[in-house]
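Let me begin by presenting the structure, written as structure tokens, before commenting on it.
The values are calculated or read from the model by the stated rules, or taken from the named source; none is laboratory data. What you see is a predicted model, and the numbers here were worked out from it, not measured in a lab. Glycine also receives a Cβ, built like all others from the backbone with ideal geometry; neighbour counts cover every protein chain displayed.
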Amino acid sequence: MRDIIFISLENWDGVWRRNQFLCAEWMRRFPRMRILFVGRPRDASYALRTGAIHSFKATALRQSDEYKGLTLLNPLKLMPNSFAVGRHINAELLLRQVNSAVKKIGLRDPLLWINDHFASHLVGRVGERAAIYDITDDWALMGASSSEERQRVRVADAEMCSKADLVVVCSEALEKSRKANCRRIVRVSNGVDADHYPVCRVPRARGTVPVFGYLGSLHGERLDFGLIQALATSWPQCKVVMCGPCMLTEYERSLLGALPNVEVLPEVHYRDVPGVLASFDVCILPHRKTPFTESLNPIKLWEYLASGRPIAATSVAGFRDFSHLCNLGDGAAGFVAACRAAYREDGSKAESRVAVAESNSWRSRVEDLLEVFRQESWVGAPFGKWAATDGVAVAESRSEVSAVGTDSLNSSLGEVALESNWR
């Protein structure tokens with residue numbers, strides 16, 4: 001497998017999102033590959049304006065403590081992006097820092113994976129074999145952004161789609177809206193590592209206080225506060241837990257704070273997610289139904305299914321595809337009814353939920369991506385002649401993999417006895 005330059009919209013931290021799951025699976029499968037993960041910038045102008053000098057002092061380039069082949073870069077950003085000259089200076093500075101890191105690490109003919117729509121200026125300028133643009137949210141549809149900012153996002157997104165050798169999207173809505181502007185587009189939904197959640201499958205003893213819990217980003221563009229209020233007030237003896245990275249405004253915080261049986265908890269590390277879900281009687285998704293939420297494929301869907309817990313949600317993208325395993329309801333009355341139905345479940349759907357989660361693993365998502373890379377010849381020859389590595393046979397074609405057997409090969413697309421068979 002080739003090395004990867006990964007331009008992310010988020011840092012590599014304890015709150016795992018799609019980017020971390022993909023990178024972790026690649027590095028598990030190909031121990032010799034190297035990834036340069038470019039996170040959020042160290043913003044000099046912001047530090048000066050706010051006095052947040054501590055955020056500016058972080059080491060720019062460092063080796064990950066979790067993965068041997070992972071190097072993390074938080075580049076320097078000098079100017080505000082509010083004017084064109086500042087954006088140009090920041091873009092060229094980012095390019096210089098990425099190229100310097102690539103040279104220092106010694107990446108060879110890497111793939112350029114871009115999650116940031118404002119990074120099109122890197123395409124063709126960092127020595128990459130190919131450029132891939134991964135779209136997970138339609139940021140141009142966020143109502144809280146100014147019309148000028150949404151237009152900037154639309155222009156940047158269109159440029160990325162036209163420049164990329166491959167566009168990857170996570171939802172049907174994103175695929176439909178981007179298809180006409182791409183050389184090639186594939187849909188790869190989010191997934192889950194179902195084996196991470198066994199603690200959730202132990203039946204929870206019902207107490208006197210029903211617990212309805214949400215685990216995910218607390219963001220006004222996603223959450224319908226009317227639904228949360230309706231659940232909390234119509235069932236005052238219940239407890240509603242909202243846990244995750246908080247991006248709420250002061251007003252939105254006050255709406256939740258006014259409800260005595262609503263508890264807002266901070267974000268938790270990925271390793272602690274199963275324990276949080278295990279404390280819920282019902283996993284809830286009180287999402288708004290908007291064009292923006294329609295563009296999503298929530299990781300929460302797959303995590304909730306992996307937990308086996310009852311689920312109550314609005315009929316948003318992703319969840320409505322599994323209406324036989326989720327209790328769906330729209331509007332205040334409908335959502336509260338869905339929550340009550342979920343709480344009354346007898347546990348008979350738990351195994352079916354876990355089975356669906358197991359069939360939608362991050363491993364299978366990476367397998368799908370690797371097949372596309374093979375078709376594009378971005379990973380070299382998929383298999384050599386019959387050979388042996390530490391006594392493990394390597395097949396010449398995919399059909400021969402079946403003859404070898406899945407127990408002999410960790411992946412039909414590369415990893416053999418801890419040695420990547422891709423060039």
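Figures for the structure shown
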quantity: For Asp109: the one exception among (1) on the phi > 0 side of the Ramachandran plot; (2) touching a strand residue (DSSP E or B) at 6+ places or on another chain (Cβ under 9 Å); calculated: (2)
quantity: Among the residues listed as Ile4, Ile53, the single one being out of contact with any His (no Cβ under 9 Å at 6 or more places or on another chain), among the aliphatic types (A, V, I, L, M) and at pLDDT 90 or above; calculated: Ile4
quantity: Qualifying residue in the range 316-339 (condition: among the basic types (Lys, Arg), touching a strand residue (DSSP E or B) at 6+ places or on another chain (Cβ under 8 Å) and in a loop (DSSP other than H, G, I, E, B)); calculated: no
quantity: All positions within the range 117-168 that are more than 30 Å from His219 (Cα to Cα), touching a residue at least 40 places away in the same chain (Cβ under 8 Å) and part of a loop (DSSP other than H, G, I, E, B); calculated: Val123, Val126, Glu128, Arg129, Asp165
quantity: Residue match in the range 292-304 (condition: closer than 22 Å to Gln237 by Cα and modelled with pLDDT of 95 or more); calculated: no
quantity: Boolean, Ala91 is within 20 Å of Glu10 (Cα to Cα), assigned by TED's automatic domain parsing to the domain that holds Lys179 and either among the polar types (S, T, N, Q) or under 26 Å from the mean Cα position of the chain (by Cα) (or both); calculated: yes
quantity: Residue in the range 205-215 that is outside the structural domain of Ser120 (by TED's automatic domain parsing), among the charged types (D, E, K, R) and over 21 Å from the mean Cα position of the chain (by Cα) present; calculated: yes
quantity: Matching residues, the range 208-227, being part of a loop (DSSP other than H, G, I, E, B), out of contact with any strand residue (DSSP E or B) (no Cβ under 7 Å at 6 or more places or on another chain) and within 23 Å of Asp137 (Cβ to Cβ); calculated: Gly216, Ser217, His219, Gly220, Glu221
